[in-house]
Every structure is written in C-alpha cells, then in structure tokens.
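Visitor: I'd like to ask you about the structure that follows.
Computed from the coordinates by the stated procedures, all read-outs in this text should not be read as laboratory data. Small disclaimer: the values here were computed from a predicted structure and weren't measured. Glycine gets a Cβ as well: all are built from the backbone with ideal geometry, and neighbour counts include every protein chain shown.
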Amino acid sequence: MTHAPRRYNFGYLDEGTKRMVRRALLKAVAIPGYQVPFGSREMPIPYGWGTGGMQITASLITPGDRLKVIDQGADDTTNAVNIRRFFAKVAGTATTEATAEATLIQTRHRIPETPLREGQTLVLQVPQPEPMRRLEPRETECRKIHAWGEYGLMHLRLYESVAQTGRITINHSYPVLVNGRYVMSPTPIPRFDNPKMEFSAALMLFGAGRERRIYALPPYTSVKSLDFEDHPFTPQQFPDPCALCGARGVYQDEILLDDTGAKMFVCSDSDFCARRRAEGQTGPAPQT
Amino acid sequence: MAYVPVKGGEAAILNALDLVAEERRGDPADPELTLAQIRTQQARAVDRVMAEGSLYDPDLAALALKQAQGDATEAAFLLRAYRTTLEQFARARPLETDRMAIRRRISACYKDLPGGQVLGPSVDYSHRMLDFDLAGEGAPTAPRAEAPVAAQMPRVPDLVGNEGFMEPSEPPAGDPAPGDLTRDPLAFPAPRDIRLQNLARADEGFLLGLAYSTQRGFGSNHPYAGEIRMGEVPVEVVPEELGFAIEIGEVTLTESQMITSVKGASGENPKFTRGYGLAFGHCERKAMSMALVDRALRADEFAEEPRYPAQDAEFVLYHSDNVESSGFVQHLKLPHYVDFQAELRMLREMRAARRATEQEAAE
C-alpha cells in the first residue's frame, strides 16, 4: 500500500465541484421552484441521508459561518449529530444550536419555529425532489409536465383525496406553487411548516443528491400551498401546549411514556423548547 | 411523571463505531486478515467491489472489504466515496481488448476458432461439492501450457462481421468523447455510452435478475455467447506535454459480446445484433448480464416495441446503482417521527370526525 494519508479540501468538496454546485444554486435562485440538474457527487454518507443538503452546505460554508444542523427539528438526533460532526471535521466551522445565531442551517423534515431572518440560509435535505413522481414515475414525462405547467394531475390527486375522505390527506411534502409558476415539493416537512416558506426573509435551498437536483426559494417568494376554495389548506394543529415549555402553535413530538397509553406532547424544535425553558416557561409536565 | 429529553447522540454514535471496530477484528487470538490475503485469496470479491465501486485499485478494494467486514455493497460505497475525491488528471485512450493478454477466452458459437478456446481459471465444469480439504492449508499448483496462447486473438463477433453477418460496431459519427456519469447527471434519452457506463457500475444482482428476465419470458432477444474473454489490457494516456501515448499500467477485464437476434431494415441485408458487457476483474456473471441488458436497452435502435422491464431505460438506469438504492432503502432507518406524527394526527382527526357524525346520527 503506497497511499499516503490525504488532506481533504476545506468543506470536503474540491473547488471545481463547489463551483459547479454554486452555478446550479444560482440558476435555482433565478428560477424559483425549478429543479436544476447538477452533477451530484458521492458523499461519505449514504444517498438518502442528506447528501444533497451536504453538498449545498459544503459549497456555501465559509470559516466565518455558524452552522446549525437539525433532523426532525432537533439538534441532538443521530443524523444531525453526524452531519454536524462531519462539517466540524472538514471545515472546522463554528456550530450552534441557536436558530437565531446560525448563519447556515441544514435541516431534514422541519423548518425551525423561531422565524428566520434576512441573511440566513436554510438548506433542506430532499429525498424526492419531484412532486409529481408518485403520480408519474417517468422523469421524461415529469419534465414535460413542468415545462408546460400542466399540473392537472396534482389537482386531481387533491380532488380524489377530498372526494374519498372529505379532506386533503397529504400530511407532509404538501405540494406548493412557487412564484405562480412551478409546483414544488417542500420535501417531507409536515404541512404545518408550509406557511413558513411564504415570503420567507431567509433564502431556502433544496438539495437532492441521489436524484441530482437543486431548487430554491429566494427570499420573499410567493409560495402557495395547493388547495380548493371550499377545502382551503390548513396546517396541522396540536390541541395541547408543549408539556415541557407550554408553547402553543408549535409542531409537537408524541413521547410514549409507558405501554399503557401514557404519553406527552413536546416541542419538536429542541432549541426553541430549551430556550423557553431557560426563560422559565413551563408546561403541564413536571421536569426533573 | 418525569421526562428528560434524549441527549447524547454523539456518544452513542462513537460507541457504535467502537463496537463495529471490535467486532470487525473478531477474536484477538486469531491472526488478523492482511490486505494481501484479501486481494489474492478473495479476489472475486475484490473484483466485484472494484466494478461497482467504479475504481480499479485492488489494494483499496481489499481495504474497503476489510473495513466493511466483507459486505461487498458497503465496500463499493466506501470506494465510491473515496473515488469522488480524486483528481481526474487524464482520460485514457480507448482500451483495445483485442490486445488483451488472454487468460480465458471462450465462444459458444464455434467449436474451434482462431486462437482456440482457452478455459483458463474457470469453475464452470467443477462439481459444486464442498471441498473439505480446503478447511486446511495447502499450496496447490496447476500445470503450465507448453506454448503461450496467441498474442492477438480476433474477437468472435468481428469474425462473424467479416462475412457481413454482424451489425458493425463503429464509434458514433465524429467519435465524440464519451459522457461521464460521475460528473454530469443522468438525462433521458440516455445515449449508449452513458447506458454502458451505468451498467458497468451497476449492482451485479440487479443486472443478473434483469438479464435472466429477458431470457425467461420478459424479453425476446435470443442470445449466443459470441465471446467471453478475460485477461489484462494495457491502459494508455497521451500526456499533453508529450503528445504521444505512454502505458501507465494494466487492468484486468472481463468482456462479453452477445450475438443476438437478427434484424434488417427493408432494403438491408439482415444481420445479427450485439449486446456488450465489460467489467473490471474476473466477473463473467456481471459482464454477461450487462451484455444482455445492453441489448435489451437498444430496443429503440431496432424499432422494437419496449414491452419488458429490461427494455425500459428509466427503470433500469435509475435503479441499477447499489450505492443509490442501498442508501435510499436504508434511509428508512433515520428518524421519521415528525412525518409519522403528521399521519397519526390525521388518523385521530378522521376518527374524531367520524365519531361526531355517528353521534349526530344517533341523536
């Protein structure tokens, strides 16, 4: 074996690859909601585990950034820990759990509860960028659907859902119309988070590594969740406040406490919840 | 009711990795596997990892196999993730497989042919009975031929082609540089160079199943194994500063050329058609499967109505890569409790709505 130990480039990807990703990002920002094909590289974590988001983060990150990584809204879930560990290793970047302090936030399945501000960038990991895929398995056909803006199939799906169950039964990856032009999948965030995309002050970037697509929502872009006049879009609602911090109007995790049905509902956003508890807010559940 | 949110993911991850390292080593009383042992004594596994890992480096493939505890798909992933960090410093000239230093070459189309049938190291005609002697140690040797095999052996489809019975195998007009899936995303319709690159990296099991489907009933190209050859082929590059070709090494390859169903447009002489397979190392199962699937994917070229899965380029090419499919299937292990909660919430709401309706009806 003559392979000397190698040093990886800052942010892991080589500069040529970063430039390629940034060019795709620029195009994506210029055409909100449009899926830009890009030369996705193999990353040292498996496809489907955030390789697209990681390539965007790796292409944007600078030594001055403060990176936050969440999965399911929490900073301490294993996959979030692993991705944060990766960037600490290959970029030496400062990391944070505080949404307000982060300049770059990589996320899977949630948008933080703390409203994002101008200058922040949210990078979403995307398993399936194509909102039409479940209705049309062929990529060649889906490209035509977007090119022609022929989204009847999606409206039919929503209509059938209403006709069969009396409601739109899409709970996550709820399709949105971006800037009045492209139907876009917001990735598997719960539809609770859809309103956070509407005219967001922060830049939102979506990376699908395995499917080799990048798309974007520039700040202050119109993002309309698809619905009908008589069946308007509604986000999920949780009847009880967070058992730990008492927050209402937030997305909640259901925690099973025993095998007899005892459970409690707590904030899915671990930073938001911890911050409120630090401020002295409490919920109905006693804490230790 | 006391509840503390879960913390400590990082410690758990590090502990899990330590546990893997301990299990990988096995009983410290046993000698540790060397990379040389893996490279030479588990060579077919090394070949598979190089083919699917898309990198010809037997040492690194052996290391990947050791690291992956013999899991070939995981080892291929390790090799791919390493490969993607390497600089692309040159493009090799097209490999000339007719210059292959042949170790094995067979054809099912002729009893004898120029260069002869060379069985080489093949288990094809072995009896698949467990050899209990192998549980011990030994140093077996094989007899050597009195004379070397022919330095150049014509490829059988070319011999058939000399009589005009074979569709020609010419580079496309202008001989453009082939595409590179590792740099540019797959797009459709995918040209044959891209399809072949995809198949060469594809999961052997996936290709094998597809190839079998074309033989068994979900396809209709009756194939003949025109030729299968295995051996070493020199790799040449032309450095810009030199302007002439230099040999930078050699790779072991298995090449499979299938001679398939007769086609001829009206006004043309009918000819046999081809399917092509090529894989790093000694991988006949892979190379033959690839050739059958390549031929199936050429349906458009021969105006065949695509009716079977193996003829569907989107289906085949999007699902053939085991690094992609393994990652995505296994991503289901990641936490999904936000979306699961969303589904639960809907079920609860639907139940509540139904209870309310029933109550109304009862009143």
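Visitor: Considering B:94, B:31, B:114, which residue is in contact (Cβ under 8 Å) with a residue 24 or more places away in the chain, surrounded by fewer than 12 Cβ atoms within 10 Å (Cβ to Cβ) and over 17 Å from the mean Cα position of the chain (by Cα)? Don't jump to the end; show me each part of the working.
Guide: Details: B:94 fails: in contact (Cβ under 8 Å) with a residue 24 or more places away in the chain; B:31 fails: in contact (Cβ under 8 Å) with a residue 24 or more places away in the chain.
The conditions single out B:114.
Visitor: Right, something else. Out of B:45, B:21, report the one residue that is of a type in the set (A, V, I, L, M), within 29 Å of residue A:82 (Cα to Cα) and either away from every other protein chain (no Cβ under 14 Å) or not in a helix (DSSP H, G or I) (or both).
Guide: Working: B:45 fails: within 29 Å of residue A:82 (Cα to Cα).
Residue meeting the stated conditions: B:21.
Visitor: Let me ask something else about it. Give the residues of the stretch B:188-203 that are away from every other protein chain (no Cβ under 14 Å) and under 14 Å from residue B:324 (Cα atoms), sorted by residue number.
Guide: Once the filter is applied, which keeps residues that are away from every other protein chain (no Cβ under 14 Å) and under 14 Å from residue B:324 (Cα atoms), the stretch B:188-203 yields B:199, B:202.
Visitor: Please state which one of B:177, B:190 is of a type in the set (A, V, I, L, M), loosely packed, with under 12 Cβ neighbours inside 10 Å and within 30 Å of residue A:19 (Cα to Cα). Before the answer, list the steps.
Guide: Numbers: B:190 fails: loosely packed, with under 12 Cβ neighbours inside 10 Å.
The unique qualifying residue is B:177.
Visitor: Which ones in the stretch B:70-123 are assigned to a loop (DSSP other than H, G, I, E, B) and of a type in the set (Val, Ile, Thr)?
Guide: Here is the first cut: in the stretch B:70-123, the residues assigned to a loop (DSSP other than H, G, I, E, B) are B:70-71, B:84-96, B:100, B:107-117, B:119-123.
Within the stretch B:70-123, B:84, B:85, B:123 qualify.
Visitor: Output the number of residues of the stretch A:84-105 satisfying the condition of being surrounded by 22 or more Cβ atoms within 10 Å (Cβ to Cβ) and within 11 Å of another protein chain (Cβ to nearest Cβ).
Guide: Count: 1.
Visitor: Separate question: In this structure, does residue B:85 turn out to be of a type in the set (Val, Ile, Thr) and more than 10 Å from every other protein chain (Cβ to nearest Cβ)?
Guide: Values: of a type in the set (Val, Ile, Thr): yes; more than 10 Å from every other protein chain (Cβ to nearest Cβ): no.
The answer is no for residue B:85.
Visitor: Here are some conditions: (1) within 14 Å of another protein chain (Cβ to nearest Cβ); (2) under 16 Å from residue B:191 (Cα atoms); (3) surrounded by 20 or more Cβ atoms within 10 Å (Cβ to Cβ). Residue B:315 meets all but one. Which one does it not meet?
Guide: (3)
Visitor: Does the stretch B:212-247 hold any residues that are among the β-branched types (Val, Ile, Thr), exposed (fewer than 15 other Cβ atoms within 10 Å of the Cβ) and either within 25 Å of residue B:161 (Cα to Cα) or without any contact (Cβ under 8 Å) to a residue 60 or more places away in the chain (or both), and which are they?
Guide: B:246
Visitor: When only residues in the stretch B:327-342 that are outside any helix (DSSP H, G or I) and farther than 11 Å from residue A:268 by Cβ count, which is farthest from the other protein chains (Cβ to nearest Cβ)? Show your work before the answer.
Guide: Taking the stretch B:327-342 and keeping what is outside any helix (DSSP H, G or I), we get B:334-336.
Applying the additional criterion that residues be farther than 11 Å from residue A:268 by Cβ yields B:334, B:336.
On the way: B:334: 5, B:336: 7 Å.
Within the stretch B:327-342, the match that is farthest from the other protein chains (Cβ to nearest Cβ) is B:336.
Visitor: Can you name the number of the only condition in (1) out of contact with any helix residue (DSSP H, G or I) (no Cβ under 7 Å at 6 or more places or on another chain); (2) more than 12 Å from every other protein chain (Cβ to nearest Cβ); (3) not in a loop (DSSP other than H, G, I, E, B) that residue A:161 fails?
Guide: Only one criterion is unmet by residue A:161, namely (2).
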